[in-house]
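Before any comments, here is the structure.
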Amino acid sequence: MLPTIIVDDEKCEDPLSCRRCLIICPTHVLGLGTDVGAQKFRETDTSHFIVRPVRFDKCSGCMDCVDGCPQSAIQVSFGGGDAR
Amino acid sequence: MCDWCEKYGDGYERWYFNPANYARRLYKIRKEEAVASGAEANPQAAGGMAFVGRDFIEARDRGDIAEVERIKQQTEGAMWLTHFGQVLTLEEAHKITDIMYPISLISCACRRSMEGLPDEENFTCMGMGPGMYKWERWPDTYRGGVHFLTPDEAKEVLSKLNKRGLVHSIYTFGTPYLGGLCNCDYPDCAAIRTVVDLEIKILWKGHYVAKIDPELCNGCASCIHRCQFRALSFNPSRNKAYIDQFQCFGCGLCATECDQEAITMVERASLPALANVW
């Protein structure tokens with residue numbers, strides 16, 4: 001069964017320096033992207049980095065990311081059930 | 001024969017030994033690619049993380065074979081024209097450092113994405129060829145800057161990364177233009193995990209296959225952890241390493257670790273059953 005994983009970007013302010021969820025996930029489900037594309041002559045500010053479930057097919061539902069996120073920014077749910 | 005050697009080898013032993021595939025005139029895709037990912041503001045494209053979307057994973061999950069095959073073929077078709085890789089042995093990677101110029105050590109986009117690694121801990125990727133002269137136009141791609149290397153320095157770096165357990169592979173940026181020499185591991189490398197987990201051939205197997213000599217293998221198992229492709233296991237009945245040659249990508253990491261020299265890298269083309277397993 002596939003999960004729905006939602007990250008609240010407002011709460012998750014600087015994932016590149018926090019990266020707690022990336023490290024804590026036993027199956028490397030989560031990854032970083034940016035909410036802007038690559039820009040010519042400009043390095044993307046770290047505030048534009050966001051966490052997304054890249055390998056959600058490998059999510060076991062252990063909820064370690066949900067419990068470990070210092071900002072409580074991550075929700076994981078299966079089969080339309082209540083999100084934690 | 002390897003499709004890419006057939007198409008772009010031009011008499012050279014491998015397509016990536018053909019200097020024409022590093023030529024400036026071929027380098028044109030970068031701009032289009034960057035503009036496209038910017039326009040969509042797609043976090044996965046920007047982070048270099050995923051080659052397929054949720055539709056593919058869902059089709060797989062519900063066992064919709066036709067849909068899986070459709071998306072797979074569509075993705076491979078697009079990627080083989082623009083950006084895909086093939087696995088190399090350390091020797092082959094060394095040889096390439098004498099063909100292409102310049103060579104630069106850059107931070108790895110995949111590990112930045114999957115590990116959030118600070119740039120200074122993340123210099124494991126190599127950009128090469130004329131595109132590197134313009135690196136300052138795309139500071140985000142080259143976060144942490146660029147270290148230009150001599151061919152000898154590049155060989156030394158490749159050997160160190162091999163020791164660390166990273167797989168060497170070469171990538172096109174607008175096929176057949178070759179612009180990247182990556183040093184990767186599962187599951188952080190987007191190409192390795194896509195081919196291993198999803199069976200979408202963003203990364204082609206290399207020209208060699210690892211073969212074990214049961215007489216020489218002493219069962220120390222030091223090779224087992226080197227495999228990033230699930231081709232190596234330990235066989236307790238015989239007390240020896242076991243290599244699934246059909247799953248082997250030919251990177252040679254197991255062979256470089258074996259101090260009994262029990263693993264040799266055999267030409268894929270010399271094995272009838274494997275000659276067309278890419």
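Find the residue count for segment A:35-54, including only residues that are more than 7 Å from every other protein chain (Cβ to nearest Cβ) and either hydrophobic (A, V, I, L, M, F, W, C) or closer than 24 Å to B:D197 by Cα (or both). Give the steps one after another, and end with the answer.
The initial filter retains those residues of segment A:35-54 that are more than 7 Å from every other protein chain (Cβ to nearest Cβ), namely A:45-49, A:51, A:53.
Adding the requirement that they be either hydrophobic (A, V, I, L, M, F, W, C) or closer than 24 Å to B:D197 by Cα (or both) leaves A:49, A:51, A:53.
Residues in segment A:35-54 being more than 7 Å from every other protein chain (Cβ to nearest Cβ) and either hydrophobic (A, V, I, L, M, F, W, C) or closer than 24 Å to B:D197 by Cα (or both): 3 in total.
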Practice prompt. Only residues in segment A:13-24 that are more than 8 Å from chain B (Cβ to nearest Cβ) count as the first member; pair them with residues that are crowded, with 19+ Cβ neighbours inside 10 Å and of a type in the set (F, W, Y), Cβ under 7 angstrom, at least 6 apart or cross-chain, and list the lot.
Written response: none
Worksheet item: Which pairs do you get when a residue that is farther than 13 Å from B:K211 by Cα, found in segment B:252-278, comes within reach of a residue that is outside any loop (DSSP other than H, G, I, E, B), reach meaning Cβ atoms under 8 angstrom, with the pair 6+ apart or on two chains?
Response: B:E257/B:R226; B:A275/B:R268; B:A275/B:A269; B:V277/B:R268; B:W278/B:D3; B:W278/B:W204
Practice prompt. Tell me, yes or no, whether segment B:172-195 has at least one residue that is modelled with pLDDT of 95 or more, assigned by TED's automatic domain parsing to the domain that holds B:C125, surrounded by 15 or more Cβ atoms within 10 Å (Cβ to Cβ) and among the aromatic types (F, W, Y).
Written response: yes
Practice prompt. Quick one: count up the residues across segment A:25-34 that are facing chain B (nearest Cβ under 7 Å) and out of contact with any Phe, Trp or Tyr (no Cβ under 8 Å at 6 or more places or on another chain).
Written response: 2
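State which residue is farthest from A:G31 (Cα to Cα) when the search covers only segment B:108-150 and only residues that are among the hydrophobic types (A, V, I, L, M, F, W, C) and part of a helix (DSSP H, G or I). Spell out the reasoning first.
Taking segment B:108-150 first, the residues among the hydrophobic types (A, V, I, L, M, F, W, C) are B:108-110, B:114, B:117, B:123, B:125-126, B:128, B:132, B:135, B:138, B:146, B:148-149.
Now restrict to residues that are part of a helix (DSSP H, G or I): B:109-110, B:114, B:132, B:135.
Details: B:A109: 11, B:C110: 9, B:M114: 4, B:M132: 26, B:W135: 24 Å.
This residue is B:M132.
For every residue, the table says whether it meets (1) away from every other protein chain (no Cβ under 14 Å); (2) more than 17 Å from B:L274 (Cα to Cα).
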{"position": "B:A190", "(1), (2)": "no, yes"}
{"position": "B:D197", "(1), (2)": "no, yes"}
{"position": "B:K205", "(1), (2)": "yes, no"}
{"position": "B:A210", "(1), (2)": "yes, no"}
{"position": "B:D213", "(1), (2)": "yes, yes"}
{"position": "B:F229", "(1), (2)": "yes, no"}
{"position": "B:L232", "(1), (2)": "yes, no"}
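Residues are listed down the side, and each one gets a yes or a no for (1) touching a residue at least 24 places away in the same chain (Cβ under 8 Å); (2) within 27 Å of B:S270 (Cβ to Cβ); (3) touching a helix residue (DSSP H, G or I) at 6+ places or on another chain (Cβ under 6 Å):
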position	(1), (2), (3)
B:A109	yes, no, no
B:G116	no, no, yes
B:N122	no, no, yes
B:M132	yes, no, no
B:W135	yes, no, no
B:S159	yes, yes, no
B:C184	yes, yes, yes
B:P187	yes, no, yes
B:L198	yes, no, no
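The values are calculated or read from the model by the stated rules, or taken from the named source; none is laboratory data. Keep in mind that this is a model prediction, so the values were computed, not measured. Counting neighbours? That spans all protein chains shown, and the Cβs are built from the backbone with ideal geometry, glycine included.
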